[in-house]
1. Can you tell me how many residues within region 66-81 are open to solvent by 60 Å² or more (accessible area, probe 1.4 Å) and in contact with a Ser or Thr (Cβ under 9 Å, 6 or more places away or on another chain)?
2. Being assigned to a helix (DSSP H, G or I), surrounded by fewer than 18 Cβ atoms within 10 Å (Cβ to Cβ) and aliphatic (A, V, I, L, M) is true for just one of L63, L95, L57, L46. Which residue is that?
3. If you take the residues of region 15-30 that are in contact with a helix residue (DSSP H, G or I) (Cβ under 8 Å, 6 or more places away or on another chain) and modelled with pLDDT of 70 or more, which of them is most open to solvent (accessible area, probe 1.4 Å)?
4. Residue by residue through region 158-183, note down the ones that are in contact (Cβ under 8 Å) with a residue 12 or more places away in the chain and not hydrophobic (A, V, I, L, M, F, W, C).
5. What number of residues within region 51-97 are small (G, A, S) and more than 26 Å from M118 (Cα to Cα)?
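The values are calculated or read from the model by the stated rules, or taken from the named source; none is laboratory data. Predicted model, so just to flag it, every value in this text is computed and none were measured. Here Cβ is always computed from backbone atoms with ideal geometry, including for glycine, and neighbour counts include all displayed protein chains. Side chains included, ligands, DNA and RNA excluded: accessible areas come from the protein's heavy atoms. Shrake-Rupley method; radii C 1.70, N 1.55, O 1.52, S 1.80 Å.
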Amino acid sequence: MHIEGTLVGPASVRLGMIGMFHKFFLEISFGPEESHKFPDNFKTMLDFFVHLVWFTLKVRNYLLREVGLFFAKRAAAYGVTVSYSPIRCKMNNVLFGNARILKTVADAEDEVHVHLEMNVWRSSYTYESYFKVVDKIAMKLFNLPIEDQSKRVLDKGCGNVAFLEHVFAVIERQTLKGQMLPN
């Protein structure tokens, strides 16, 4: 089961990121040739999903089963976890060698400990579920008397900054602090 998770997690997250669950998997049936630019590789992955009972193979077309739909709907839930796969690949160095390997990134290069695109993709889904709660907190805090209000908002690990943009919009449009901001 562990090897299945090691393969399924990244595969399902990547398929979610590129919209495959919405585009093809929810259709009645499809073939790898019509669905992917590398149909032989895609067929290998789909055959693995057939083994896991996520799909049924009929002639040359794949049909998503109920259990596959269950996991397809949850692919994004594994995005943050899977996005840290690069650090797990370097774990021997981190634990027993030179942990500074994680800091050796040249300017304009991606971070080496995280798959940033995947992490940001997943984080944007997370933000949506928090917005309603955060909106209430922001309105409560920034409708206090001005002298009791915070001067800053901190979002450590802000990803693509969508969360901060949302919080700023709430403060700007729905609070006393927002009424005092210059145009």
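1. Qualifying residue count, region 66-81: 3.
2. Only one candidate qualifies: L95.
3. The qualifying residue most open to solvent (accessible area, probe 1.4 Å) is M17.
4. Result: G159, N160, H166, Q174, T175, K177, G178.
5. The number of residues fulfilling the criteria is 1.
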